[in-house]
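Novice: The structure is given below, and queries will be raised subsequently.
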Amino acid sequence: MKKITAIILCIFICGCATVGRINRINEGMLKAEVIKQLGQPVSTTVKDGAEYLNYRFVESGYDVMMSFDGGNVPYYVKLVDGKVKEYGRQEAK
């Protein structure tokens, strides 16, 4: 029982760490600063003159238990002229 409690606690802590990482990003940051904070993106895309750095982070909590992807949640950072314009959790389409 102690092992199960420890595993659940670890999952919740890791999810909070994800939120903490994305919250370190600020508008106006340079691309290199974003990569230093979040690591290399899983992919990049360009659309309408903006570059998108695409990330996937594991989250915890109820949403994870109800998801089919184990809480692997997509996030994005939108760059215009090499600087952060916006960022956040990518909503399902």
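FYI, it's all coordinate maths here, none of it is from the lab. Nothing here was measured: the structure is a model prediction, and the numbers come from that model. With ideal geometry, Cβ positions are generated from the backbone for all residues, glycine too; neighbour counts draw on all protein chains shown.
Novice: Would you list E91, E27 from fewest to most Cβ contacts within 10 Å?
Specialist: Ordered by Cβ neighbours within 10 Å, fewest first: E91, E27.
Novice: Find how much the distance from Q40 to V80 grows on full extension, using 0.36 nm per residue of separation minus their present alpha carbon separation; answer in nm with one decimal.
Specialist: This chain segment gains 12.6 nm when fully extended.
Novice: So, counting K/R as plus one and D/E as minus one, what does the shell of residues with Cβ under 13 Å around K83 add up to?
Specialist: Neighbourhood net charge equals -2.
Novice: Using amide H atoms built in the peptide plane, which far-off residues or other-chain residues are under 5 Å from Y75 H to H?
Specialist: Close amide H contacts, sequence-distant or interchain: Y55, R56, F57, Q90.
Novice: Hey, another quick one. How do K85, K31 rank when sorted from fewest to most other Cβ atoms within 10 Å of their own Cβ?
Specialist: K85, K31
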